[in-house]
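Here's the structure, in structure tokens; my notes come after.
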Amino acid sequence: MSKKLRNTILIILGIALLLLGGLIASNIIIKNKIARFTKEQLPQNILATFEDVSLHLLNGTLTYTDVSVQLQNKSNDTTHTYLTANKVVVEDVSYWDYLFSKEIHIEDIKIKSPKIKYYKNKLITSNDSTKSKAFLTLNKPLIVDELSIDNATVTFFDTDEDDILLYVENVTIEVDDITVDNTTLSKRLPVTFLNYEAEADSVFLKVSPYENLTVAHFKLKNEKAKIENLHLSTKFSKVEHAKMLKQERDHFNVTLKEIEVNAIEFGFNNRKFFAKTSLIALTEADATIYRNKLVANDPTIKPLYSKMLRELPIDLTIDSVLVKNSTIVYQEKVKQEQPPGTIYFDNFNASLSNISNTYPEGDNTKISVDTQFMKAAPLHVDWSFDVNNSQDNFTFKADLGLLSADKMNTFTKPNLLVELEGETEKTYFSVYGNSAQSKIDMRIDYKNFKVNLLKKNGTKKNKLLSGIINIFVKKDSGDNESQFNEGSATVTPDRTKSFFNYIWLNVSAALKDCLL
């Protein structure tokens, strides 16, 4: 081997050894800097550790393994949130931007199989009045082109590990064009971003001590969300539920095949959260709602829906809601010895517009419903109100088609011990009211109407009382001038009851005026 060739080889080997040494040294230096950052630069209530970190110097890729992060209360050392991940990959850290653009620019962050556990009862919220103060200070802005989270599992605990508040598995999330700097960190939403998408299976949510909600599949992409096979149900049987209650509360069993939400926007305006959507579509809801009236009444004031929307703590804007091909069954138990009375709404379709507390005064919320009432009669409803009207003015109009009176007996017999005969050809009524008072006008066309009062067992007729009351009931509607009977009434609401009880009080009063 010539001397020149030997020198060349030695030079190449020397350069290679220098590069190798540089890579090893760089890895050690970077690892030490990251370790020092996690110990010294993070807030004291955030603890972060990892088993190992490696750096690919040529493409600027950092790989962390067995990552663990704990979030503690600022006032004590109690940990309320745990995050672990098998691997976190930070790809293509731009050295040029770091050195010359005064920013940290990362092409991609991948978080593999993270597990998040949050204990609600361990969190102590801060009473710091400086709400705009950032919880972290960055020396350079952080820009991430893409953040992806794969196969995550999220568990929130309410009081202990046997009391799950939220559980979601197989979560994937992707967020693009993320920016974090000292300006964003001082805001309620401490980051800015553009596109985002998420997907998850097997969602469980504890809605209250009595109800749970589950979702089979959830997907969010391009500002559109789709939820499949939702189920909201009371955890206890109707009998167990009633025994647990000090005040009456509905028992739910609601399934929903699909929910679609379009043009989603959310964020903060002046530190107040807002949510917007152009359309929410609910397909094939099947709801059974049961109330045991033998349980003590809830004496709290029930505001009308306009006031409820007006006083929401967030800015809500829903342009349109559609309910398609749905069923609603309402059951009410009034007498201990009788089964609950039942009201049916089949083939329920509804269109709602301006469900919002952000529209200007004069833009009414409008609700239009078409359904089959008591499995027999077509029912159309138009309902409107102005959320900005402090008197809570509303209009509620209904048009009911041919209904055999005995169809109502599934409700009137067990609850009122009243059996009805005859049929109503057509019924119209309009309610104009507010939170203090309402007036109803009704027109009804009916034939061969008869009321039978039942004895306590609910099966035998009380012939004497039935005969007396039918003396005062008009058998057929109309006279020489019109086939309709007309009636009206003025009603004061029971403010401890719902809006629909308010409508029922109006209908009941107008029927008395029409029939007697």
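A few notes on this one:
- Sum of side-chain charges, GLU425 neighbourhood, beta-carbon under 10 Å (Lys, Arg +1; Asp, Glu -1): 0
- With every protein chain in place, the stretch 216-366: carbon and sulfur % of accessible area (1.4 Å): 54
- If you sort the three axes of the alpha carbon gyration tensor as a ≥ b ≥ c, you get a/c of 1.5 or more for the stretch 249-344 and a/b no higher than b/c, which makes it oblate.
- Applying 0.36 nm per residue to the separation of GLU161 and SER404 and subtracting their alpha-carbon distance, the gain on full extension is 82.0 nm.
- In the structure shown, the pairs LYS307/LYS366; LYS335/LYS455; LYS238/LYS324; LYS246/LYS335 are assessed against 20 Å; a Cα-Cα span above that value is assigned to LYS238/LYS324.
- Solvent-accessible heavy-atom area per residue, rounded to whole Å², over the chain at 1.4 Å: 57
- Positive-end extreme of charge dipole, the stretch 385-513 - chosen from VAL451, ALA398, ILE440 (charges on Cβ): VAL451
- Under DSSP loop assignment and at most 11 Cβ neighbours within 10 Å, longest GluC sites (Glu not before Pro)-free interval of the chain: 162-310
- Three semi-axes of the equivalent ellipsoid, the stretch 413-516, Cα gyration tensor, whole Å, largest first: 25, 21, 10
- Pairs beyond 27 Å (Cα-Cα), from LYS276/LYS375; LYS276/LYS439; LYS110/LYS219; LYS243/LYS456; LYS206/LYS257; LYS87/LYS221: LYS276/LYS375; LYS276/LYS439
- Cβ-placed point charges (K, R +1; D, E -1), dipole of the chain about Cα centre in debye, nearest 20: 1380
- Candidate membrane-span-like segments in the chain, meaning DSSP H helices with Cα atoms spread over at least 27 Å of their own axis and a Kyte-Doolittle mean of 0.5 or above, are 3-40, with no membrane implied.
- Accessible area (Å², 1.4 Å probe, nearest 10) - PHE156: 60
- Candidate values (1) 15; (2) 26; (3) 39, label of the one derived for percent of Cα pairs over 43 Å apart: (3)
- 18 Å Cα-Cα reach of LYS117 towards aspartates and glutamates, excluding residues that sit fewer than 8 places from it in its own chain: ASP66, ASP77, ASP150, ASP158, ASP160, GLU161, ASP162, ASP163, GLU169, ASP201
- When a 1.4 Å probe is rolled over the protein heavy atoms, the share of accessible surface on the stretch 397-479 that falls to carbon and sulfur comes to 57 percent.
- Residue-averaged [θ]222 nm for the chain, counting only DSSP H segments that reach four residues, each worth -39500 (n - 2.57): -6000 deg cm²/dmol
- Candidate aspartates and glutamates for bridging to LYS450, where Cα separation is under 14 Å - those fewer than 8 sequence places away on the same chain excluded: ASP406, GLU419, GLU421, GLU423, ASP476
- The HN-Hα couplings worked out from phi for the stretch 290-297 by the Karplus form 6.51 cos²θ - 1.76 cosθ + 1.60 (θ = phi - 60°) are 10, 10, 8, 6, 7, 7, 4, 5 Hz, whole numbers, x standing for Gly and Pro.
- By accessible area with a 1.4 Å probe, ligands and nucleic acids excluded, highest first: order of ARG310, ARG495: ARG495, ARG310
- Selection from ALA285, HIS217, PHE266, by position along the positive dipole direction of the stretch 200-297 (Cβ): PHE266
- Other residues with beta-carbon under 13 Å from the beta-carbon of SER326 carry, at +1 per Lys or Arg and -1 per Asp or Glu, a net charge of -3.
The values are calculated or read from the model by the stated rules, or taken from the named source; none is laboratory data. All values derive from a computational prediction rather than experimental measurement. Heads up, the Cβs are rebuilt from the backbone with ideal geometry, glycines too, and the neighbour counts pull from every protein chain shown. The accessibility values were calculated without ligands, DNA or RNA, using every heavy atom of the protein model including side chains. Shrake-Rupley method; radii C 1.70, N 1.55, O 1.52, S 1.80 Å.
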